[in-house]
Amino acid sequence: MRDAPSGDIICRPPDLALIVPTYKEADTVEEMVRRVTSALDGLDWELIVVDDDSPDGTAERVRAMARRDPRIRVIQRVGRRGLSSACIEGMLATSAPFLAVMDGDLQHDESLLPRMLRTIEEESLDIVVGSRYVDGGGVGDWTARRRSMSRLATRIGQRLIHAELQDPMSGFFLVRAAVIQSCVRRLSGVGFKILLDIFASAGRPLRFRELPYTFRERHAGSSKLDKAVLWEYLLMLVQKLIGPLIPVRFIAFSLIGGLGVLVHMMVLWPILSLFGDTAFLAGQTAATLVAMTSNFFLNNLLTYSDMRLRGRQLLWGWFSFVLTCSIGALANVGIANHLFQEGHSGWFLSALAGILVGAVWNYAVTAVYTWKRPAAAR
Ligand code: GDD
Ligand code: MN
């Protein structure tokens, strides 16, 4: 506490805000809070746990601790998923000048935090990264497969950001709030790789240092790093290459749409070869339905992996998707035909224009009606 110029007593913001994203970490989160509290003893800090409405009650456990210690807070996001976006929201929810991000499953080494804070201040850096791949760091007992996957992703990451960062995939770092505030609108926010995203979006080379730590084994709960994470990593790379103007979901949606053409032909072809040309109308109808259905499920799995429809929602989702895409197909054919009949553009350009209009329509409408998202997530 200190005196404000007007004479009122005000609270100073803490020096350090520690952001911890969690999903289903009820078994470890309390121990994490205890360890953080003791590791940061003597510093001026706050802890923000960003929980995506974990069904195991993670948020409630943290809230119970927050009732006894106001330095602890919870942001509970409902109907949302995503490690990167959770970190971003946490980082924007504080006025502390320094922000640290750390996992909630005890795999990161919280005892490194005070040294990270000292280093960033003393060496006037933008960011300090907890690194598994500098001398003294390590990954513990990883399988050869996970080790080599991590290596590969690391190399691709290094090329993307043109920085000699040994561990660009680390999810453990401490950064100046000003750096985040200046690039937050350029962050892709997709997937797991928030650190890479920050380096790629900063708009200038960041002054950084890596401090070694050993990635601990997970003792409770389970990793959320599954195959979809690989896909999200790919999407983030694409987004960085094409720039922020075209939404990354649209790219995913279009790629899946392209795949749909393949599915379509794979259904139509055997029907025609079995029943002959008279079956074209029936075959084309069946192929269209199958392709739409497979596109719906692929989009639900990949494009909207963070807001996947499940159970009964799937039926309505499928129905609204097929309905939207049917209208999209009508618009596509109508526009292509109109352009072609006018005679200014040849068959190829006319067809392309039709496809583009259809794709944008399908994307825009299903984004609102099929995968109903909170406005803030769009
Ligand atoms: N809010 C939120 N939303 N948190 C999430 C989500 C989500 O959708 N998915 C995962 N988390 C939380 C987990 O609860 C955990 O605290 C942290 O994010 C890391 O997730 P893990 O599932 O434990 O990831 P990991 O151990 O496989 O991956 C770690 O290593 C990577 C390097 O290989 C993480 O530290 C990554 O950040 C790191 O890049
Ligand atoms: Mn983990």
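Each value in this text was obtained by applying a stated rule to the coordinates, not by laboratory testing. Owing to the predicted nature of the structure, the values given are computational and were not obtained by experimental measurement. Glycine gets a Cβ as well: all are built from the backbone with ideal geometry, and neighbour counts include every protein chain shown.
Distance in nm between label sites at Phe348 and Leu92, each 7 Å beyond Cα in the beta-carbon direction?
If labels sit at Phe348 and Leu92, their model points lie 4.3 nm apart.
So for region 2-230, averaging the separation of alpha carbon pairs under 8 Å that are six or more residues apart and normalising by length, what relative contact order in percent results?
Normalised by residue count, the contact order of region 2-230 is 24 percent.
For region 203-272, state which GluC sites (Glu not before Pro) are in a DSSP loop and have at most 14 other beta carbons lying within 10 Å of their beta carbon.
Counting only loop positions with at most 14 other Cβ atoms within 10 Å, the GluC sites (Glu not before Pro) in region 203-272 are Glu217.
After finding the eigenvalues of the alpha carbon gyration tensor for region 236-378, what semi-axes result from the square roots of 5 times each, listed largest first in whole Å?
27, 22, 14
Quick one: compute the contact order of region 313-378, relative version, from alpha carbon pairs under 8 angstrom and 6+ residues apart, as a percent.
After rounding, I find 41 percent.
Calculate, for Thr278 and Ala329, the FRET efficiency according to 1/(1 + (r/R0)^6) with r their C-beta to C-beta distance and R0 30 Å; round to the nearest 0.05.
Computed FRET efficiency for Thr278 and Ala329: 0.85.
Based only on Cα atoms, what mean projected area does the convex hull of the chain have, in nm²?
Quarter of the Cα hull surface area: 25.2 nm².
Starting from the Cα of Ser222, step 7 Å toward the Cβ, then list every residue of region 28-64 with an amide N under 15 Å from that point.
Answer for region 28-64: 55-56.
Taking the dipole about the Cα centre of region 227-378, with the C-beta of Lys and Arg at +1 and of Asp and Glu at -1, give me whichever of Ser345, Leu230, Thr366 is farthest to the positive side.
Selected residue: Leu230.
Output ³J(HN,Hα) for region 10-20: one whole-Hz value per residue in order, computed from phi by the Karplus curve 6.51 cos²θ - 1.76 cosθ + 1.60 with θ = phi - 60°, and x for Gly and Pro.
Per-residue couplings from phi come out as 10, 9, 7, x, x, 6, 10, 10, 9, 9, 10 Hz.
DSSP loop (so not H, G, I, E, B), at most 15 other Cβ within 10 Å: list which trypsin sites (Lys or Arg not before Pro) in region 55-93 pass both filters.
Loop-located and lightly packed - Arg67, Arg68.
Please give every one of the aspartates and glutamates within straight-line cross-link reach of Lys240, meaning a C-alpha to C-alpha distance under 19 Å, and leave out same-chain neighbours fewer than 8 residues apart.
Glu164, Asp167, Asp197, Glu232
Just add up the charged neighbours of Gln166: K/R +1, D/E -1, any other residue whose Cβ is under 14 Å from the Cβ of Gln166.
Within the 14 Å Cβ shell, the charges total +1.
Just to be sure I understand the model, the point goes 7 Å from the Cα along the line to the Cβ. What's the resulting Ile242 to Met307 distance in nm?
In this crude spin-label approximation the distance works out to 1.9 nm.
Could you give the DSSP H helices of the chain that reach 27 angstrom or more along their long axis (alpha carbon positions) and whose average Kyte-Doolittle hydropathy is no lower than 0.5?
Span-like helices, by this rule, are 248-275, 313-342, 347-369.
Once the other residues with Cβ under 13 Å from the Cβ of Gly243 are scored (Lys, Arg +1; Asp, Glu -1), what is the net sum?
+3
Can you compute the charge dipole magnitude of the chain about its Cα centre, using +1 on each Lys and Arg Cβ and -1 on each Asp and Glu Cβ, nothing else charged? Give it in debye, rounded to the nearest 20.
Taking the Cα centre of the chain as origin, the dipole is about 540 debye.
Name the lysines eligible as straight-distance cross-link partners of Lys224: C-alpha to C-alpha under 20 Å, and not fewer than 8 places from it in the same chain.
Lys24, Lys193
Gap in Å between the Cα centre of region 189-245 and the Cα centre of region 310-378?
32
Of all DSSP beta bridges in the chain, what percent run antiparallel (nearest 5)?
30
Give the aspartates and glutamates reachable from Lys372 as a straight Cα distance under 14 Å; neighbours fewer than 8 places away on the same chain don't count.
Within the straight-line limit of under 14 Å, Lys372 reaches these aspartates and glutamates: Asp306.
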